[in-house]
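Trainee: Quick one: structure below, then a few questions.
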Amino acid sequence: MDPTTLAPAAAAGTETATLDIEGMTCASCSNFVERALSRTPGVQRAVVNLATEKATVDFLPTQIDRAGLRAAVEEAGYGVAETATTTAAAGQPASPLATDDELTARKAAAYAKLRRRFGVAVALAAVVMLLSMTMLWPALAARVNMPMLNYLQLFLTLPVVLYCGREFYVSAWNGLLHRTASMDTLIAVGTGAAFAFSLVATLLPGVLTGRGIQPHVYYDTTATIIALILLGKVLEARAKVQTSAAIRALLGLQARTARVVRGSQEVDVPIEQVQLGDVVVVRPGEKVATDGIIQEGYSALDESMLTGESLPVEKKAGDAVFGATINKTGSFRFEVTKVGAATMLAQIVKLVSDAQGSRAPIQRLADRVSAVFVPTVIIIALATFVIWFDFAPEATRLPLALVNFVSVLIIACPCALGLATPTAIMVGTGKGAEYGVLIRNAEALEKAYQVDTVLLDKTGTITKGEPAVTDLLPLAGHQATDLLPLLAAVEHRSEHPLAAAVVRYAELPAHQPGPAPTPLATSDFRAIEGQGAAATVGGKKVLIGNQRLLREAGVVITPALEQAAAGLLAEAKTVLYVALDGQSAAVIGVADTLRDTSIAAIKQLQAQGLEVVMMTGDNPQTAAAVAAQVGITRYFAEVLPADKAGKVQELQAEGRVVAMVGDGINDAPALARADVGLAMSTGTDVAMEAAPITLMRADLQGVVTAIALSRHTMRTIKQNLFFAFVYNTLGIPIAAGLLYPFTGWTLSPMIAAGAMALSSVSVLTNSLRLRSFSVKN
């Protein structure tokens, strides 16, 4: 993705830039870059994510530009990865789907270089280690020229220090120039101290022996520590790639070419050349190239990559199609309505990417600790050296002081602390995208974990949001199959929403196999406001509407008709009365039907210990009927749109943490007022803008997934932080030699290096376990 893509303005007059930061190794580095950007004039807000190695910066373009932001990062001692194609040719933000080969190649080259450095370090460290083991066999050591052996080890260790570990020392030096300290500082000081002592022992042994100090060398320690640290970095780099697998998977969905109609021919063109208004042909098995509206044709599309819905969705002329979905059966043509960054897939990628770069509130604790961690560790290491040098037996005071000093520095590297939260957020938000749950930021993910009450808007959320015929009850002497063509003919002429429901019902395959027939001819059609419609069809006078329509037409409401209507009214359904040639003939029940998965999803939410509450503008009778159908015991009826946010506050006043689920414009205030808002993507753009979580499917199962995913992610973050804190809390005292007076044990700097490397890998591995997350239906 473009490293400096400008996002839409975060506030009036403010722009947002995303920078790829180079050179960060630990939480201290990300904190320092963030402080450097935040203090830059014109910057409103800066957030730096260690796991994604990105900085998200809100800035005033009248005071600073991207070049200025880059200069601020470089002034702090770090770099910004830039590509030649930072913006599209028209000056518009480049699509996040654009392949950034330059940046990808640069990262691949850096990884290859890291592996080379690690390979060289391992090979040389192994030889140095074997040579140093000569000291374990006195008989062998007596036959070896020790000064020559030391020179040989020095010769082998120099490449490890100057080539393999060079970046640690350069980074530490840059930090020193900027009065900061990071993980690299600890490694550089630790290995540098061991190497410097060994260098003096090799080149000027008399300086040490003259002061009663044995000229031991620690080249094996220096080389092995660097090799192990690099091992940790290689494993860390590989794991980081896996944490961003969701983004790569989304990027890989994009079609590369489109079959565009040019004149009378169909021409395959690269996706970048597709223009608005182009007509694109899609054949069975092909990917839809970009977003558009079907002009002709019919098919079923697999949209699971965008919505998580596994069943194909039927599409016909006038329906919208989205880029990256797969055409399963038929062939169709569509007109392109969106390209590049405006497409649905591009927006999803940006949303997931932004969420992965955001910071969860729980990370503040790790940030506060890491901000003072490195200086504190250096003080502890110096204190360790002084104490051991002053109080240890004279013969071993310097080796013990030096070894423990180095061990404290190496084992305390805070990289695991910095990776604990962002890596879990990356995997969690990516997993949500796979299930059609788009999470805007890490804060929403953390808040969803705390939710104990789910408030559901009825219409469009629990129900489908459109009326549907549920019952057709003919009176004696009439048949449904005879009535439906007559009713459909009348209602085809009407514009009332209930009329459309009758037409859809008449055209159901169960009532009308095969293609929809042409409606019967009608005459004398009249739409009677507030009552219904009347027309003559096939010589029969048809009335369909409310009871008043029939009464004013002089139709007798028979007891049988009243009894059938009463049953439907008791179920909170709207009743349509039908009369033929002045005689009552049937009643029709119309209701907003439940979504297929609503009952099961609500049961799952309740099984998770959540209280589910329903809110509707319907009367109490209808609200009670729907609530009973889906198993909800608490509901709010007759809630005006303006009062929905008030109901959220009412629940919050009870001490509840509320998740609000809605889809309409009138839900937007309530979505914004709730602790967590979840908007269904079939709703309005306003609702989705107001909600931090968007459900790509019109399905309450997405709510179950979002809350379950939040709980898994937060559990993983807490485990990571626990391991990171415990590791350092236990590791530093042991490395300082706390156990030595009681057990004679000290921690080898090489074991400390291995443990430090494994700590980062263990945190990353724990985060990657989220990739196996699934929701049991």
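The values are calculated or read from the model by the stated rules, or taken from the named source; none is laboratory data. Just so it is clear, the model here is predicted, and its values are computed rather than measured. All Cβ positions, glycine included, derive from the backbone under ideal geometry; neighbour counts span all protein chains shown. Ligands, DNA and RNA are excluded from the accessible area calculation, which covers all protein heavy atoms including side chains. Shrake-Rupley method; radii C 1.70, N 1.55, O 1.52, S 1.80 Å.
Trainee: Considering only residues that are at pLDDT 85 or above and assigned to a helix (DSSP H, G or I), look in the stretch 626-641 and name the one that is most open to solvent (accessible area, probe 1.4 Å).
Mentor: In this case the residue turns out to be Q629.
Trainee: Search the stretch 611-625 for residues being among the hydrophobic types (A, V, I, L, M, F, W, C) and buried (at least 19 other Cβ atoms within 10 Å of the Cβ), and hand back the single one that is modelled with the lowest pLDDT.
Mentor: A623
Trainee: Same structure, new question: Tally up the residues in the stretch 649-673 that are closer than 22 Å to T705 by Cα and open to solvent by 10 Å² or more (accessible area, probe 1.4 Å), please.
Mentor: Total meeting the criteria: 7.
Trainee: Given the criteria within 19 Å of E491 (Cα to Cα), among the hydrophobic types (A, V, I, L, M, F, W, C) and touching a strand residue (DSSP E or B) at 6+ places or on another chain (Cβ under 6 Å), does V537 qualify?
Mentor: Yes, satisfied.
Trainee: Something else about it: Against the condition touching a residue at least 60 places away in the same chain (Cβ under 8 Å) and under 29 Å from the mean Cα position of the chain (by Cα), how does N441 come out, does it pass?
Mentor: Yes.
Trainee: Look at the stretch 732-752 and say how many of its residues are touching a helix residue (DSSP H, G or I) at 6+ places or on another chain (Cβ under 6 Å) and either surrounded by fewer than 21 Cβ atoms within 10 Å (Cβ to Cβ) or acidic (D, E) (or both).
Mentor: Going through the stretch 732-752 one residue at a time, the tally reaches 1.
Trainee: Here's another thing I want to ask about it. Is there any pair with a first residue in the stretch 74-87 that is more than 16 Å from L37 (Cβ to Cβ) and a second that is modelled with pLDDT under 80 and open to solvent by 20 Å² or more (accessible area, probe 1.4 Å) whose Cβ atoms are under 8 Å apart and which are 6 or more apart or on different chains, and what are they?
Mentor: Filtered contacts from the stretch 74-87: T83/E102; A84/E102; T85/A98; T85/E102; T86/T5; T87/T5; T87/L6; T87/P93.
Trainee: Another question, if that's okay. Among the residues of the stretch 162-214 satisfying the criterion of being polar (S, T, N, Q) and in a helix (DSSP H, G or I), which is surrounded by the fewest Cβ atoms within 10 Å (Cβ to Cβ)?
Mentor: In this case the residue turns out to be T209.
Trainee: Return a yes/no flag: does the stretch 136-147 have any residue that is touching a helix residue (DSSP H, G or I) at 6+ places or on another chain (Cβ under 6 Å) and open to solvent by 60 Å² or more (accessible area, probe 1.4 Å).
Mentor: Yes; the residues of the stretch 136-147 include at least one that is touching a helix residue (DSSP H, G or I) at 6+ places or on another chain (Cβ under 6 Å) and open to solvent by 60 Å² or more (accessible area, probe 1.4 Å).
Trainee: Can you tell me how many residues in the stretch 134-158 are within 55 Å of the chain's Cα centre (by Cα) and touching a residue at least 12 places away in the same chain (Cβ under 8 Å)?
Mentor: Counting residues in the stretch 134-158 that are within 55 Å of the chain's Cα centre (by Cα) and touching a residue at least 12 places away in the same chain (Cβ under 8 Å) gives 8.
Trainee: Here is a follow-up. Can you give me the number of residues within the stretch 744-777 that are in a helix (DSSP H, G or I), over 30 Å from P399 (Cα atoms) and not aliphatic (A, V, I, L, M)?
Mentor: Of the residues in that region, 7 qualify.
Trainee: Here's another thing I want to ask about it. May I ask you to say which residue of G646, G683 is modelled with pLDDT of 85 or more and either open to solvent by less than 10 Å² (accessible area, probe 1.4 Å) or not hydroxyl-bearing (S, T, Y) (or both)?
Mentor: G646
Trainee: Of the numbered conditions (1) free of Cβ contacts under 8 Å to residues at least 12 places away in the same chain; (2) touching an Asp or Glu at 6+ places or on another chain (Cβ under 8 Å), S171 fails exactly one; give the number of that condition.
Mentor: Status for S171: all satisfied but (1).
Trainee: Name the single residue that is modelled with the lowest pLDDT among those in the stretch 529-583 being closer than 24 Å to D618 by Cα, assigned to a loop (DSSP other than H, G, I, E, B) and open to solvent by less than 60 Å² (accessible area, probe 1.4 Å).
Mentor: A572
Trainee: Answer yes or no: is there a residue in the stretch 412-423 that is open to solvent by less than 40 Å² (accessible area, probe 1.4 Å), among the polar types (S, T, N, Q), over 18 Å from I751 (Cα atoms) and at pLDDT below 85.
Mentor: Yes, the stretch 412-423 has at least one match.
Trainee: Residue check: is T224 crowded, with 16+ Cβ neighbours inside 10 Å, in a helix (DSSP H, G or I) and more than 52 Å from the chain's Cα centre (by Cα)?
Mentor: Answer is no for this residue.
Trainee: How do the pairs read when you match residues in the stretch 373-390 that are within 17 Å of L747 (Cα to Cα) with residues anywhere that are of a type in the set (G, A, S) and part of a helix (DSSP H, G or I), using Cβ under 7 Å and keeping only pairs 6 or more apart or on different chains?
Mentor: Taking only residues 6 or more apart or on different chains, the pairs are F385/A401; W388/A401; F389/A401.
Trainee: Determine, yes or no, whether T52 is modelled with pLDDT under 90 and not in a strand (DSSP E or B).
Mentor: Against the criterion (modelled with pLDDT under 90 and not in a strand (DSSP E or B)), T52 qualifies.
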